[in-house]
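**Student:** So that we are looking at the same thing, I have put the structure below in structure tokens.
The values are calculated or read from the model by the stated rules, or taken from the named source; none is laboratory data. Computed from a prediction, not measured in an experiment: that's the story for all the values here. As a convention, Cβ positions derive from the backbone with ideal geometry for all residues, glycine included, and neighbour counts pool all protein chains shown. Keep in mind that these areas ignore ligands, DNA and RNA; they rest on the heavy atoms of the full protein, side chains included. Shrake-Rupley method; radii C 1.70, N 1.55, O 1.52, S 1.80 Å.
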Amino acid sequence: MKSHARVVVIGGGVVGASVLYHLTKAGWPDVLLIERAELTSGSTWHAAGGMHTVNGDPNVAKLQQYTIGLYKEIEAISGQSCGVHITGGIMLAGTRERLDWLKMAKARGRYLGMELELISVDEAAQLFPLMDKKHFTGAMYDPIEGHVDPYGVTHAYAKSAQIGGAEIVRQTRVTDLKPRADGTWDVITPAGNVHAEHVVNAAGLWAREVGRMVGLELPVLAMEHQYLITGDMPELAGRKEQMHCIDFEGEIYIRQERGGMLMGTYERAGVPWSEVQTPWDFGQDLLPNDLERIAPSLEIGFEHFPSLGEAGIKKVVNGPFTFAPDGNPLIGPVKGLKNYWVACGVMAGFSQGGGVGLSLAHWMVDGDPGADVWAMDVARYGDWATLKYTNAKVRENYSRRFSIRFPNEELTAARPLRTTPIYEKLAAEHAVFGDYCGLEHALWFAPSAAEAEDHFSFRRSNAHPHVGAECTAVGQAVGLLEISNYGKFEIRGPAAAEWLSRIMANRVPAVGRIALTPMLNERGKLIGDFTICRAAEEHFFLIGTYAAEVHYLRWFERHLPPSGVSVRPCAMEYLGLSVAGPASRALLQTLVREDLSTAAFPFMSFRRMDVGMVPAYVGRVSFTGELGYEMWITADYQRALCASLCAAGRDFGLKFCGGRALNALRIEKSFGTWAREYRPIYGPFEAGLGRFVDFKKDEFIGRGAALEEQGSGGRLKLMTFVIDATDADALGDEPILHEGRAVGWVTSGAYGHRVRQSLALGYVPAELAGVDSGFEIEIIGQRHRAIAQSGAPLDPAGQLMRK
Ligand SMILES: Cc1cc2nc3c(=O)[nH]c(=O)nc-3n(C[C@H](O)[C@H](O)[C@H](O)COP(=O)(O)OP(=O)(O)OC[C@H]3O[C@@H](n4cnc5c(N)ncnc54)[C@H](O)[C@@H]3O)c2cc1C
């Protein structure tokens, strides 16, 4: 084994092998993969090898398309067959809701270039004759589904990497990782140590253990997973290979395996494997079968596909594989650890392994994944994703693998975990809560305890009128919103202003002022959007998206100078309340000594004030587009501040408002938000944030690329649409059609209660920016006329918030 390598990849499953191949392809041949046993010795060897392009996140779906397309390439390079069978697949719906879901998935596929087709039950039965039609209401056909040989794929990646210069060492376990002062690593093995510039944790079933070598507790857990193979079936003899089939109601997947059928299930009563520690001596082993556990699914399966029941069971496979709490992979660099990368939690290695390898290799070689990988970024989890939290969430995710997630459905596992001091007060006001990074936050307020629950639906739900009343209160009187779930950073030091000026695209505000700013990467793409509040010459607060806190910190760490600036995340230290609406000033004026008139405290001001008895930072800014104030206080004061605002608010028609109202209010103002409108695939001018890019500054990250985009106008344009929709609004990811052709996609949608219109924000090609007619947006399989707006539907000139 060599003693130095640019990269050591730990783990020779399908993911590690793909990372290795992609590193050589990206121009780093000096790479070494170390495998504990033989290649595929983790979960890879016993996988069913199924692959498909459909995924809830369009960006992950694109990487799945890439993975499936890659097999030809690695077969050609390596000469190793991947055993690819493209059979096509059908997804069967047994309920109206599932059919709606399929319609939405098909619509999403439209702008991803996927050829998905909705078909009748009769057509489905022609494609998949083993089904009993009476259990189903409709289906979707995907021509690009099939399966591969897990051994073949892994070896094809490995051989292709070796041809590109990589080395692979087998039967050698990495037992420890020791960082050097310069950020490189000593990789410790019984066969000797390797000095590596970078290490990649692709240890699959042992990813947690390899994380613990460097003090990292990765949120992954293995679940036992079973599939069975039936005896040979006369129905299959002499016929073309059966296609893949997913039966959502039965919660099973089926495909042909030689003369019989393979049937697997994600059972409700899923069982985790090795909850705390994965044994190092687990080899190419299988777990004992437990047909009892999957009996309910099998029963339905045999009812829905009767000939499978008659064929008898030839073989059962029970093996473990790992999941992150939301079921998506965990990839990327890890905050606080230089040159330590992860590529783990990949639950669909044969659909996602290629995309994971590609993105990680680009990230390492070019400093940027080259695609929008937010849904897979390890940074989406913070310290709150503890071992037990992960356990509860992974079980939930596994058991719901084939369940519909409604847009207004909040999952219940691991809750409540984090609460703010006013949680009980909000509950007493009949709040319906949602979970955001493990933190409970009010979504909407019901008129009574009995009504405080969401009725799940793709259409306007029982919450609709109550969210409407909250929006009306903000538009006509004053609303009280908890805004604790924003991310916050305290930045201090003599070099703080200079550093912020370099890292953010907008100018740094003067003391007592606020500035909105995008944060760009070197390619001039959006990697964050912030509110900068300047409390003193050397003291700033940065307010942004809490879910992206670790992602931001990773970037800050990378760009911090050795001294002169300190960055401290303080999201849960400073909690927030906001009052917004025309009466908000009069209300707040009863609690503060300072003059709140526009002359004395204009829009975008920021100041330390006592609100009643509570010391607070008060900013004159609001995401609602109305006159409004945001108040930041340490957690110990939140209850008192809330009580003071409620007492003072009685004379002003104060009403509690939740996150759903805030979402509708910001869409009426065409205000975007991180992970929806603002993502690293868009530039600031495309996203309508050009006015927050200050080219008067000589230097900031992304300046050159942003300048170019200003000149060209960019490829895309974020637009606001008013939709002719009556009972279901756009939610996000619906296709935008122009003259019948899919040209773009919706990023957010909601009913705008103040303007009484169904609204959506979305991207279209820049050449359609000035066009207002000819658009349609498809909502649950129905196309609706959509009129593009030239400005925000509410108060386009922004007068209300400046009053
Ligand atoms: C029953 C079953 C059916 C499945 N069906 C499908 C399917 O149809 N389609 C699909 O896409 N996916 C399927 N999967 C999931 C698929 O197996 C995984 O997505 C995939 O195997 C993950 O690969 P990996 O490389 O991340 O992990 P692993 O395969 O676990 O590989 C990790 C490797 O790292 C090595 N390693 C760990 N620690 C060290 C160390 N310290 N030093 C050196 N080496 C180390 C291990 O020996 C192992 O070889 C299935 C899984 C199971 C169990």
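**Student:** Compute and list, largest first, the equivalent-ellipsoid semi-axes of segment 1-118 from the alpha carbon gyration tensor, each √(5λ) rounded to a whole angstrom.
**Tutor:** Values for segment 1-118, descending: 35, 16, 14 Å.
**Student:** Roughly to the nearest percent, how much of the accessible area of segment 1-123 is carbon and sulfur, given a 1.4 Å probe?
**Tutor:** So the carbon and sulfur contribution to the accessible surface is 50 percent.
**Student:** Here's another thing I want to ask about it. To the nearest µm²/s, what D does Stokes-Einstein give for the chain at 10 °C and 1.306 mPa s, using the Kirkwood radius over alpha carbon pairs as Rh?
**Tutor:** 57
**Student:** Could you state the number of Å between the C-alpha centres of segment 288-340 and segment 690-737?
**Tutor:** 40
**Student:** Please report the antiparallel percentage of the DSSP beta bridges confined to the chain, to the nearest 5.
**Tutor:** 85
**Student:** Skipping prolines and chain starts, which residues have an amide H placed within reach, meaning under 5 Å, of the one on GLY688, given they are 5 or more residues away or on another chain?
**Tutor:** Those qualifying (amide H under 5 Å, at least 5 residues apart or on another chain) are LEU718.
**Student:** Still on this structure: Rounded to two decimal places and with Rh computed the Kirkwood way over Cα pairs, what is Rg over Rh for segment 637-734?
**Tutor:** Looking at segment 637-734, the ratio lands at 1.13.
**Student:** Then there is this: What is the distance in Å between the Cα centres of segment 545-619 and segment 231-281?
**Tutor:** What the calculation gives is 53 Å, centre to centre.
**Student:** Please report, largest first and rounded to whole Å, the three semi-axes of the ellipsoid equivalent to segment 151-208, where each semi-axis is the square root of five times an eigenvalue of the C-alpha gyration tensor.
**Tutor:** Those come to 23, 14, 12 Å.
**Student:** Additional query: I need the phi-derived Karplus couplings for segment 596-606: 6.51 cos²θ - 1.76 cosθ + 1.60, θ = phi - 60°, integer Hz, Gly and Pro marked x.
**Tutor:** Once rounded to whole Hz, the list reads 9, 4, 4, 5, 8, 9, x, 3, 6, 8, 8.
**Student:** Between segment 509-533 and segment 743-803, how many Å separate their Cα centres?
**Tutor:** Using only Cα atoms, the two centres lie 25 Å from each other.
**Student:** Oh, and also: Using 1/(1 + (r/R0)^6) with R0 = 45 angstrom and r between the beta carbons of ARG268 and ALA599, what's the FRET efficiency to the nearest 0.05?
**Tutor:** Result of the calculation: an efficiency of 0.10.
**Student:** Restricting attention to segment 717-794, which chymotrypsin sites (Phe, Trp or Tyr not before Pro) occupy a DSSP loop and are surrounded by at most 15 other Cβ atoms within 10 Å?
**Tutor:** Here no chymotrypsin sites (Phe, Trp or Tyr not before Pro) fit, given the DSSP loop and packing criteria.
**Student:** Something else: Within segment 708-799, list the trypsin sites (Lys or Arg not before Pro) lying in a DSSP loop whose Cβ has at most 12 other Cβ atoms in a 10 Å radius.
**Tutor:** Of the trypsin sites (Lys or Arg not before Pro), the ones in loops of segment 708-799 whose Cβ has at most 12 other Cβ atoms within 10 Å are ARG756.
**Student:** Another question, if that's okay. Over the chain, give the accessible area per residue in Å² for a 1.4 Å probe, as an integer.
**Tutor:** In whole numbers, the chain has 37 Å² accessible per residue.
**Student:** Okay, moving on. For PHE695 and LEU387 in one chain, what is 0.36 nm times their gap in residues minus the Cα-Cα distance, to one decimal in nm?
**Tutor:** Here the answer is 106.3 nm.
**Student:** Over 27 Å between C-alpha atoms is what I'm after, so list which of LYS669/LYS803; LYS106/LYS717; LYS62/LYS240; LYS72/LYS240 land there.
**Tutor:** Those over the limit are LYS62/LYS240.
**Student:** Got a sec to turn the phi values of segment 731-745 into Karplus ³J(HN,Hα) couplings, 6.51 cos²θ - 1.76 cosθ + 1.60 with θ = phi - 60°, whole Hz, x for Gly and Pro?
**Tutor:** Rounded to whole hertz, the list is 10, x, 6, 6, x, 9, 10, 10, 6, x, 10, 5, 10, x, 9.
**Student:** After finding the eigenvalues of the alpha carbon gyration tensor for segment 514-637, what semi-axes result from the square roots of 5 times each, listed largest first in whole Å?
**Tutor:** In descending order, the three semi-axes are 29, 16, 13 Å.
**Student:** If you project the alpha carbons of segment 718-769 onto the principal axes, what extent comes out on each, in Å, largest first?
**Tutor:** Between the extreme Cα coordinates on each principal axis of segment 718-769 lie 30, 17, 17 Å.
**Student:** Does segment 345-479 classify as rounded, prolate or oblate by the C-alpha gyration tensor (a ≥ b ≥ c root eigenvalues; a/c under 1.5 gives rounded; else a/b over b/c gives prolate, otherwise oblate)?
**Tutor:** Prolate, because a/c is 1.5 or more and a/b exceeds b/c.
**Student:** Which percent of Cα pairs goes in each bin when the distances of segment 137-181 are cut into 5 angstrom slices starting at zero?
**Tutor:** 5, 12, 12, 14, 14, 13, 9, 7, 6, 5, 3, 1, 0
**Student:** Ignoring ligands, DNA and RNA, please state the percent of accessible area on segment 198-271 from carbon and sulfur, probe 1.4 Å.
**Tutor:** Its accessible area is 52 percent carbon and sulfur atoms.
**Student:** Once every DSSP H run of n ≥ 4 in the chain is given -39500 (n - 2.57) and the sum is divided by its residues, what mean residue ellipticity at 222 nm do you get, rounded to the nearest 500 deg cm²/dmol?
**Tutor:** Estimated from H runs of four or more residues: -7500 deg cm²/dmol.
**Student:** A further question on this structure: Between THR634 and GLU275, what is the label-to-label distance in nm when each label sits 7 Å out along the Cα-to-Cβ direction?
**Tutor:** The modelled label-to-label distance comes out at 3.8 nm.
**Student:** Give the long-range amide H neighbours of ASP368: residues separated by 5 or more places, or on another chain, with amide H under 5 Å away, using H modelled in the peptide plane at 1.01 Å from N.
**Tutor:** TRP363
**Student:** On to the next question. Amide H of LEU33: which non-local residues (sequence gap of 5 or more, or other chain) have their own amide H closer than 5 Å, using H built in the peptide plane?
**Tutor:** VAL9, GLU167, ILE168, VAL169
**Student:** Can you give me the pair-distance distribution of segment 696-803, C-alpha pairs, 10 Å bins, whole percents?
**Tutor:** 14, 40, 28, 16, 3, 0
**Student:** Here's another thing I want to ask about it. Output wanted: per-residue J couplings in Hz (rounded whole) for segment 461-477, from phi through Karplus 6.51 cos²θ - 1.76 cosθ + 1.60, θ = phi - 60°, x for Gly and Pro.
**Tutor:** Working through the residues one at a time gives 10, 4, 6, 3, x, 6, 5, x, 5, 5, 5, 4, 4, 5, x, 10, 9 Hz.
**Student:** Ratio of Rg to Rh for segment 258-391, alpha carbon only, Kirkwood?
**Tutor:** In segment 258-391, Rg relative to Rh is 1.05.
**Student:** Another question about this same structure. Two decimals is fine: what is log10 I(q)/I(0) at q = 0.14 Å⁻¹ for segment 120-227, from a Debye sum with one equal scatterer on every Cα and no solvent?
**Tutor:** -0.81
**Student:** Roughly how many percent of the accessible protein surface of segment 419-483 is carbon and sulfur, given a 1.4 Å probe and a whole-percent answer?
**Tutor:** Taking all protein chains in place, segment 419-483 shows 53 percent carbon and sulfur surface.
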